[in-house]
Amino acid sequence: MKQIQKQFEQLYHTVEELGGTIYEVARDSGFRSAYEYMLKWTDSEDETENITSDDVTLLTECYVYEEDFDKAERIFLFSKDEEETFLRSLGTQKDGRFLVPVHALKELERAGYLCLNDRTPLTAWTSDYTFMGDGWNRALYVETPMEDVYLMPDIYAVQQAVKIYHAECLIRKNRNPRFFAERINDADETLLSNIETLLPKVFPEHWLVSYKEKTMPLSYQKLVYQICYIKYYYEDIYQLVWLESFYADSGEIFVSEDETLRKGIHAVAEAFDAKEEYCLKEGERALVLCLNDTDFDAGFVEKCDGNLICLTDTCKIDLKECMEDADKRLIEKMKETIDFEWLNIAGIREEDEKYKDAFEEFYGTLERVKRQFLRNDEATIIFKNLWMGIYAPMKREEYRECMLPVYQVITKNVQEMCSVDRFSKIYLVGDKSGDISFWEYLEEQYQAEVCILMQ
């Protein structure tokens, strides 16, 4: 059971970090609610209220039938050995339910399975959440000092959403550095004309019905569309992620300063020029930029007689103070999004000791918000304490407004560095090179293509 708790914890933190459809699915599926319910007890300061792994039982939802599937009775089966293979071999999946014939119960009992009838209510969340599952539906039975509940979030849906991120990483690394699942065309006519053929190959039958009838939440509809898009346009990567259980490296996939700039601007330019899609033509020029947490390096190169030559010395500018100012602006925008004035009116003030942890946690989400804007056009701003939670969307336009002075400092220094005013490409590397807003700003300013080099 400790392993299950660890998996839930890892999944929860992944969801919080990535945002977008992944976050929305985790919210709509009841996963965030279920995990935070567990957290409420395990993090309790009162040791008498703590729950341990002994208080949590992993169950499998089953529907027992004699002859008629429609009259199947819902039960929960569990085994201390948590052996799935034997139970799976005795049942079948239909319409999102795992069906077990009544005569198989004796075999399961001999194999060490125990049964809980569906008498305890699903009190951890309400009908606001959606459960569709894939037919093999797991649950947690949690015994707390105050109540006993079933926690049954739609883990299948959340896992599908996270796989989209793994596929996105592979696509960006190997095929298209600008690919973001959250930015795909949601009205692709070619895909829409093929989606009914794709759906049965990707999801269980009951998902197909719900998608057609639009009875699933909007986040689930986005999930279905994004996965079908990946399968249609990147079949090889779909096969790798969904059928071979690929997991993306959690590290950065952009080329960083340590790996490139230590060899100099010229070496960076050569790394880009070696890529067919980024190669300079004879006489063409490129601006080479490396943007990091506290500084940026820049220089110009030109293709001459088949070789790259540096037109300028490397310019290095300290951005620490500028970045710190940008963080302050982002914090103010986050406070505005949550409406701190309303919090003050409601009596929730920073100077109040009992709210100290809540405010510290809010300010601590700054980096998470910045990371969400690396792949999403919207980030979720969160303020919560023991009694309430506020969740509000912040748009990319607001993020860009906060970062704009940083971008302007960079372009101003580039302009002052050299009189070069004609170049066709921008070679962008560094720890902060994943900032979509910066890409768009550069292309607007210079009318030149931003090129991204992935590891």
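The values are calculated or read from the model by the stated rules, or taken from the named source; none is laboratory data. Remember, predicted model here, so these are calculated numbers, not experimental data. Cβ atoms come from the backbone with ideal geometry, glycine included; neighbour counts cover every protein chain shown. Protein only, heavy atoms only, side chains kept; ligands, DNA and RNA dropped before computing areas. Shrake-Rupley method; radii C 1.70, N 1.55, O 1.52, S 1.80 Å.
Odds and ends about this structure:
- By a 1.4 Å probe calculation restricted to protein chains, residue 131 has an accessible surface near 80 Å², given to the nearest 10.
- Restraint check, 173/412; 354/395; 333/425; 333/432, Cα-Cα greater than 26 Å: 173/412; 354/395; 333/425
- Remark: the chain carries a charge dipole of roughly 1000 debye about the Cα centre, counting +1 on each Lys and Arg Cβ and -1 on each Asp and Glu Cβ.
- For the pair residue 448 and residue 117, a Förster radius of 45 Å applied to the C-beta separation gives a FRET efficiency near 0.10, rounded to the nearest 0.05.
- In loop segments of region 313-389 as defined by DSSP, the GluC sites (Glu not before Pro) with at most 12 further C-beta atoms inside 10 Å of their C-beta are 351.
- Per-pair calculated FRET efficiency, R0 = 35 Å: residue 213 and residue 102 via Cβ, rounded to 0.05: 0.65
- Highest-first arrangement of 277-288, 21-32, where packing means the average Cβ count within 10 Å: 21-32, 277-288
- Hull shadow area, averaged, region 280-408 [alpha-carbon convex hull, nm²]: 10.1 nm²
- Within a straight-line Cα-Cα reach of under 14 Å, residue 328 can be paired with the following aspartates and glutamates, leaving aside sequence neighbours fewer than 8 residues apart in one chain: 336, 367, 398, 401.
- Identified option (computed Rg and Dmax of the Cα atoms in Å; candidates [x] 22.9, 70; [y] 21.9, 70; [z] 26.3, 85): [z]
- Surface/4 of the Cα convex hull for region 258-327, nm²: 5.3 nm²
- Normalised by the number of residues in the chain, the average gap of Cα pairs under 8 Å and 6 or more apart makes the relative contact order 15 percent.
- Dividing the mean sequence gap of close Cα pairs (under 8 Å, 6+ apart) by how many residues region 269-395 holds gives a relative contact order of 15 percent.
- Principal-axis tilt of helix 155-174 within the chain, Cα atoms, nearest 10 degrees: 20 degrees
- Residues within the reach of a label modelled at residue 411 (point 7 angstrom out along Cα to beta-carbon, backbone nitrogen below 12 Å), restricted to region 285-312: there are none.
- The heavy atoms of residue 97 present about 70 square angstrom of accessible area, all protein chains included, probe 1.4 Å.
- In Hz, Karplus ³J(HN,Hα) per residue of region 230-238 (6.51, -1.76, 1.60; θ = phi - 60°; x = Gly, Pro): 5, 5, 6, 9, 9, 4, 4, 6, 4
- Region 388-455: radius of gyration over Cα atoms, expressed as a fraction of 2.2 N^0.38 Å: 1.36
- Rounded tilt (10° steps) of 396-417 against the dominant C-alpha axis of the chain: 20 degrees
- About its Cα centre, the dipole of region 334-393 is roughly 280 debye, where the only charges are +1 on Lys and Arg Cβ and -1 on Asp and Glu Cβ.
- A Förster radius of 25 Å, combined with the Cβ-Cβ distance separating residue 356 from residue 13, puts the computed FRET efficiency at roughly 0.60.
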